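A short write-up of the structure that comes next.
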Amino acid sequence: MLYGEFRETSSREVRLDYTGAVLRVVVEFCFTDDGNASHHFGGPKAESFVRSLVRVSAAAHYLDIPHLETDVFQKLTDMIAQLPSLACVVCDESINIGNPVEALSKMAEKKIRAQPRKSLLPAKENVGGVRSLDESLLEKIVFDKQSRVRSLGESFLETIVLDKQSRISEFEKFQCLQQWAERGSKGFKAESESSEKISTTITNLAKQLDLSRIPVSKLTSVVEQSHLVTRDDLYQAYRSRALCPGRIDNKIVVEGAGTPEVNGTYIQEGVHQDTPMYLMEGMWEGREVIFSIFLCSETTWYISIMPEGEMPGEPTYIDFYYCDHASNNCWKIPSRGWQPINIGQTPPPTCFVTGFFDSKDSM
């Protein structure tokens, strides 16, 4: 090897683009087959630890140590499962490194698309269920509830937050932009990004949001007060809501369904076949989805999962319950009479309206 076309043949010193801590992990793995890197990286922050693990994966790829790559991949997968916001960190660091960690980048992107709210917005409670992780990792992630959207670079922020496959609402997308804007005031990458540049980036990205899909109360109390959108964009959002009859803020509460995932509060969002549609964000088989209540063919109401970009009633919908339409008022959702369909479980749910009617109106 030393007589081939390698740097070792012409120099007594060979520089590798990895820190000493990363190379110590590699050397230790070669001797012990142990990929536990936690004791090599100091500091309590989960973000810096995860970035170091991504660099270890890149070094393992460069040095052709596939078992170490696999170990790091599994460890990062486990950490993201317990703290989904770390997927943002993996994505951002992977962008900086490139092809050697492409598999990690794709894994993290998939996690963000599957659980965008947990990945992009701050955690609301301490992380649980981490007994499978070693104690040193536990200390680094259990009480860490930061929003990792701040750690994203500008290009990847646009890719993730404005992802057409994402199921987060327009207001949640705005919250992501708002979190990212705070990096200027919190010292995130302050040496390379001015407050003016951050403000310009946020303003340009906010123009790509449909602000008219954000409830008026949130437009007034959060969006307008943030000063991250122009007065003209706010005016157009208020105007669109005022002119759109399908955006009255009614709510439907679904209770008692044998498939518990469909229970909850559905918000009116748009119109289908001249009747309101109601949507609720939820989880199904480990993925964040949109549950919907809608009238199909003017004869039957359905409670279903709405695939991204599909129209109600398409074969790709996952139906749980249906109820034949029996009211002269097509806007009224039946309170009772629901029946399971396809994978819906008994007992069937009951429904009632809140919000606009301000009571549990029987329908």
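The values are calculated or read from the model by the stated rules, or taken from the named source; none is laboratory data. All figures in this text were calculated on a predicted structure; none of them were measured in a lab. Cβ: placed from backbone, ideal geometry, glycine included. Neighbour counts: every protein chain shown. Only protein heavy atoms, including side chains, enter the accessible area calculation; ligands, DNA and RNA are left aside. Shrake-Rupley method; radii C 1.70, N 1.55, O 1.52, S 1.80 Å.
Some values worked out for this structure:
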{"read-out": "Solvent-accessible area of His227 with every protein chain in place, 1.4 Å probe, in Å² to the nearest 10", "value": "150"}
{"read-out": "19 Å Cα-Cα threshold exceeded, pairs from Lys106/Lys197; Lys75/Lys111; Lys218/Lys251", "value": "Lys106/Lys197"}
{"read-out": "For Gly258, residues with placed amide H under 5 Å, excluding near neighbours", "value": "Gln345"}
{"read-out": "Lys106 accessible area, assembled protein chains, probe 1.4 Å, Å²", "value": "130"}
{"read-out": "Under 5 Å, built H, 5+ apart or other chain: amide partners of Ile318", "value": "Ile305"}
{"read-out": "Under 5 Å, built H, 5+ apart or other chain: amide partners of Phe352", "value": "Val253"}
{"read-out": "Selection of trypsin sites (Lys or Arg not before Pro), the stretch 206-297, meeting DSSP coil and at most 13 other Cβ within 10 Å", "value": "Lys207"}
